[in-house]
Amino acid sequence: MTLHDQTAATTAEAVAIDGLEITFRTPGRAVFTAVKDVALRVGAHEFVAIVGPTGCGKSTILNAAAGLLKPSAGSVRVFGAPLTDLNRAAGYLFQQDALMPWKTAQENVAIALTTNGVAKAEAAARAREWLSRVGLSAFGDRYPHMLSGGQRKRVGLAQVLIRDPRIILMDEPFGPLDAQTRVIMGDLLLKLWSADRKAAMFITHDLEEAIALADRVLIMSAGPASRIIGDYRIPLGRPRDVADIKLDPQFHALHREIWHALKEEVLKGYRQVEEQAS
């Protein structure tokens, strides 16, 4: 492989994690290892979902990719460069709303630009455009408490994407929503993502959601010292309809295969919780 080929291969990877270990000090000063020996790759135009038992460290990996957590061991690289601070190439969509209650929907979206030096008039115009893209063109003057959970999540999605990040990090973004709204939001996310196919890392407890959305599904072991134990490519065609794709026989075959590997880890996680409570 030539130097040019090596450089191309590296820059084609939006996120490269090797030997990642994250440890914490408990209140009793004991060392808790959340994840250990984690290695993963996310291509520059790839949608990767991560699933695993409750408390296995999925969000820990995402926070390391965001630069919010420093590795205790191992490395994180973003488009070939070591990540030593916040990941400026990434936008982060959290599980809980990150909207300012005293600002309107339009102002909440625009602030992602004004805090980076964009003039207010331009930011407002672009915010209106993004609210239209997420189906909220008539709701720009509403405050968060006047919006439904799904509408607030649409505002949050616009707030992240208006910055045009090269990487989209999502930590169970649709977890708080009802089942029907989750399907609608999944379709909206795929529609927006398909426009330019940014690198995406998506954390979820829902295996069906992971398969319906992603190009690859990674599964994690139960904690502590969780690691990635499976990497499954999802050969379902695009564009996808989140509800319709679940009727595809290939979807069911993938679900059976991945759940077979994931089920024991989920049960192990439950047993650990029961043992700690007893």
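Quick check on my filter: what residues within segment 163-182 are assigned to a helix (DSSP H, G or I) and touching a Lys or Arg at 6+ places or on another chain (Cβ under 9 Å)?
Answer for segment 163-182, where residues must be assigned to a helix (DSSP H, G or I) and touching a Lys or Arg at 6+ places or on another chain (Cβ under 9 Å): just THR181.
State yes or no: is GLN276 in a helix (DSSP H, G or I), among the polar types (S, T, N, Q) and surrounded by 12 or more Cβ atoms within 10 Å (Cβ to Cβ)?
Against the criterion (in a helix (DSSP H, G or I), among the polar types (S, T, N, Q) and surrounded by 12 or more Cβ atoms within 10 Å (Cβ to Cβ)), GLN276 does not qualify.
Across segment 69-94, which residue is farthest from the chain's Cα centre (by Cα) among those that are part of a loop (DSSP other than H, G, I, E, B) and touching a residue at least 24 places away in the same chain (Cβ under 8 Å)?
Within segment 69-94, the match that is farthest from the chain's Cα centre (by Cα) is SER72.
Could you tell me whether segment 235-246 includes any residue that is under 28 Å from LEU20 (Cα atoms) and surrounded by 15 or more Cβ atoms within 10 Å (Cβ to Cβ)?
No: zero hits.
Just the residues that are assigned to a loop (DSSP other than H, G, I, E, B) and farther than 14 Å from GLU107 by Cα, please, taken from segment 148-162.
SER148
From the list ASP5, ASP37, pick out the single residue that is at pLDDT below 95 and either small (Gly, Ala, Ser) or surrounded by fewer than 19 Cβ atoms within 10 Å (Cβ to Cβ) (or both).
Sole residue among the options that is at pLDDT below 95 and either small (Gly, Ala, Ser) or surrounded by fewer than 19 Cβ atoms within 10 Å (Cβ to Cβ) (or both): ASP5.
Quick check on this structure: which one of ALA81, ALA98, ALA65 is small (Gly, Ala, Ser) and either touching an Asp or Glu at 6+ places or on another chain (Cβ under 7 Å) or more than 17 Å from ALA12 (Cα to Cα) (or both)?
So the residue among ALA81, ALA98, ALA65 that is small (Gly, Ala, Ser) and either touching an Asp or Glu at 6+ places or on another chain (Cβ under 7 Å) or more than 17 Å from ALA12 (Cα to Cα) (or both) is ALA98.
How many residues, within segment 201-260, are of a type in the set (Lys, Arg), touching an Asp or Glu at 6+ places or on another chain (Cβ under 7 Å) and either assigned to a helix (DSSP H, G or I) or on the phi > 0 side of the Ramachandran plot (or both)?
So the count comes out to 0.
So for segment 105-115 (the condition being in contact (Cβ under 8 Å) with a residue 24 or more places away in the chain, more than 26 Å from GLY156 (Cα to Cα) and either touching a Leu at 6+ places or on another chain (Cβ under 8 Å) or basic (Lys, Arg) (or both)), does at least one residue qualify?
Within segment 105-115 (the criterion being in contact (Cβ under 8 Å) with a residue 24 or more places away in the chain, more than 26 Å from GLY156 (Cα to Cα) and either touching a Leu at 6+ places or on another chain (Cβ under 8 Å) or basic (Lys, Arg) (or both)), the answer is no, since none of the residues qualifies.
The values are calculated or read from the model by the stated rules, or taken from the named source; none is laboratory data. Every value quoted in this text rests on a predicted model; they were computed, and no experiment measured them. All Cβ positions, glycine included, derive from the backbone under ideal geometry; neighbour counts span all protein chains shown.
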